[in-house]
1. Please verify whether region 52-71 includes one or more residues that are over 20 Å from A176 (Cβ atoms), among the β-branched types (V, I, T) and surrounded by 15 or more Cβ atoms within 10 Å (Cβ to Cβ).
2. From the list L45, L78, which one is of a type in the set (A, V, I, L, M), on the phi < 0 side of the Ramachandran plot, touching a residue at least 40 places away in the same chain (Cβ under 8 Å) and buried (at least 21 other Cβ atoms within 10 Å of the Cβ)?
3. When you go through (1) touching a Phe, Trp or Tyr at 6+ places or on another chain (Cβ under 8 Å); (2) buried (at least 22 other Cβ atoms within 10 Å of the Cβ) one by one for G86, which number turns out not to apply?
4. Specify the residue that is farthest from S128 (Cα to Cα); the eligible residues are those in region 254-275 that are at pLDDT 75 or above and part of a loop (DSSP other than H, G, I, E, B).
5. Residues L98, L83, L39: which one is of a type outside the set (S, T, N, Q) and modelled with pLDDT of 90 or more?
6. Going by what's in this entry, would Q301 be described as at pLDDT below 70, touching a Cys at 6+ places or on another chain (Cβ under 7 Å) and either small (G, A, S) or part of a helix (DSSP H, G or I) (or both)?
7. For T32, state whether it is buried (at least 21 other Cβ atoms within 10 Å of the Cβ), more than 19 Å from the chain's Cα centre (by Cα) and at negative phi.
8. Just to check your reading of the model, which residue among C44, C69 is hydrophobic (A, V, I, L, M, F, W, C), over 26 Å from R175 (Cα atoms) and modelled with pLDDT of 90 or more?
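The values are calculated or read from the model by the stated rules, or taken from the named source; none is laboratory data. Quantities reported herein were computed from a predicted structural model and do not represent experimental measurements. We place every Cβ from the backbone using ideal geometry, glycine too, and count neighbours over all the protein chains shown.
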Amino acid sequence: MKGMLYLAGAFSLAGSSVIAARFVHDKMGVFTISAVSLLFALVCLVPLGGRELVRTIRRCTARDWIFLCVQALFGVFLFRLFLLFGLSRTSAGEAGILTGATPAVTVLLALLLLKETVNRAAALGILSTVGGVLLIQGLLTPESGNAFSFSHLWGNALVLCAAISESLFNIFSRRAAVQTEGSSAGPLDPIAQTAIVSALALILCVVPALFENPLSALAAIGWSEWLALVWYGPFVTALAFIFWYAGIKRCDASTAAALSGMMPFTALLLSVAVLGEVAGWQQWTGGLLVVLGMVLIGGKQRLVRKVKQAGSF
């Protein structure tokens with residue numbers, strides 16, 4: 001359950017990024033947003049990591065660095081690139097429908113790449129989560145106006161690529177966690193791992209950000225945009241990734257897939273509370289299905305833990 005709580009916190013913070021993006025999306029370039037938020041995250045992570053960060057860098061093997069680079073590429077750089085560019089070419093409703101594909105894609109990849117098994121309770125939990133996400137986004141109720149539009153096909157394709165990037169990040173993170181568990185040094189420290197991944201992603205963002213006139217864009221924004229960037233950095237990036245790495249080493253990828261339904265659910269709650277948007281019955285029903293999915297997955301996790309404990313005697 002501790003791992004599930006970490007993952008729920010990670011995806012809840014990730015869901016708040018939708019609100020933060022609303023304040024800065026049309027004020028500066030995509031790479032500038034990512035670079036500045038990652039810089040803010042590192043300002044918090046480097047002092048917090050301290051000696052453990054230095055020790056982690058020294059003990060990382062070539063395989064560790066490959067996995068860290070892949071996580072930075074898919075989980076931060078490509079995910080934000082596809083999502084922010086996609087949002088400029090499609091509606092928020094259509095984008096939400098496609099990001100809801102992340103749980104299903106993660107489970108499929110976990111079955112194919114990690115050979116994970118999914119029992120009946122877990123399968124029902126994942127289906128409940130996916131159904132809840134679809135209801136939240138209005139896909140199951142066409143009258144809500146969130147149906148797909150072929151005029152937004154390019155934007156929809158970009159957002160779908162963001163969902164696939166997030167799923168690949170989930171899979172690679174879990175595979176890296178499994179491999180480090182078997183090493184003599186043990187798993188990497190979550191804070192140090194988050195700092196390294198953030199630094200690698202920042203390196204990827206800096207050069208393209210220079211072509212977006214970042215200094216003039218930053219000089220023109222107000223205090224609300226700066227607050228959004230600060231939230232995007234230490235909280236959505238740093239704290240969310242710390243929770244993620246602490247949770248994924250305790251849970252399998254299928255569990256993480258189900259809990260990823262917290263992203264659109266949190267975005268729904270904050271859009272109502274912060275932005276004053278109105279949610280209908282289908283959105284609230286979808287939220288309840290997401291919670292039900294987490295309960296079913298939690299039962300599966302408890303069963304797995306009991307089996308392992310029984311096998312240790």
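1. There is no residue in region 52-71 that is over 20 Å from A176 (Cβ atoms), among the β-branched types (V, I, T) and surrounded by 15 or more Cβ atoms within 10 Å (Cβ to Cβ).
2. Selected residue: L45, the only one of L45, L78 that is of a type in the set (A, V, I, L, M), on the phi < 0 side of the Ramachandran plot, touching a residue at least 40 places away in the same chain (Cβ under 8 Å) and buried (at least 21 other Cβ atoms within 10 Å of the Cβ).
3. Among (1) touching a Phe, Trp or Tyr at 6+ places or on another chain (Cβ under 8 Å); (2) buried (at least 22 other Cβ atoms within 10 Å of the Cβ), the lone unmet condition for G86 is (1).
4. That would be V274.
5. L39
6. When the stated conditions are applied, Q301 passes them.
7. Judged against the criteria, T32 is a match.
8. It is C44.
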